[in-house]
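The values are calculated or read from the model by the stated rules, or taken from the named source; none is laboratory data. Model, not experiment: these values are computed from the prediction. Here the Cβ positions follow ideal geometry from the backbone for every residue, glycine too, while neighbour counts run over all protein chains shown. Quick note on the areas: whole protein, heavy atoms, side chains included, nothing else; ligands and nucleic acids left out. Shrake-Rupley method; radii C 1.70, N 1.55, O 1.52, S 1.80 Å.
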Amino acid sequence: MTTKSLLFPDAVSKILHGKYNRNKRRWIAGAGEWPLVITLGHLSESQAERQIDYVRTWVDAWRQWHGIGTLGWQERRWRNLGTQRLLERLLFQSPDDVAAWLGEQAGGVQHVIGFSACVVGGLS
């Protein structure tokens, strides 16, 4: 992985938008595996050394980020750079978390699931 593969919050938004659009109907039906894990990047020491400013910008962007999801950090022990705490992943516990990240109505997916159950139950 090159440092260009490190995902910033705006790139995660694009990924989530695609996943949400592709999977919303499956998620409404209760399908999908949770938590949803987005890998934010994995660096070797040599990659970090070559573009240290870019890596700092990436870490700073996530440190300043506040939103839905849980950041997973990993401690790396490198020979030249010493011990570093770096991002590893972002976890979403439910479809509603993904919808909230995207600015969709809170509880939107669950409300649609409830509505579908009422309609199906009401028609039988």
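Every residue in region 29-64 that is surrounded by 14 or more Cβ atoms within 10 Å (Cβ to Cβ), within 17 Å of TRP101 (Cα to Cα) and over 12 Å from the mean Cα position of the chain (by Cα), please. Result: ALA61, single match.
Residues of region 48-71 being within 25 Å of PRO35 (Cβ to Cβ), among the hydrophobic types (A, V, I, L, M, F, W, C) and in a helix (DSSP H, G or I), which ones? Across region 48-71, the qualifying residues are TRP58, VAL59, ALA61, TRP62.
When PHE8 is tested against (1) aromatic (Phe, Trp, Tyr); (2) under 18 Å from TRP101 (Cβ atoms); (3) more than 18 Å from the chain's Cα centre (by Cα), only condition (3) is not met.
Can you tell me which residues in region 23-40 are among the hydrophobic types (A, V, I, L, M, F, W, C) and in a loop (DSSP other than H, G, I, E, B)?
From region 23-40, those among the hydrophobic types (A, V, I, L, M, F, W, C) are 27-29, 31, 34, 36-38, 40; that's our starting set.
Result: ALA29, ALA31, TRP34, LEU40.
Only one of the numbered conditions (1) at pLDDT 95 or above; (2) open to solvent by less than 40 Å² (accessible area, probe 1.4 Å) is not met by ARG79, and that is (2).
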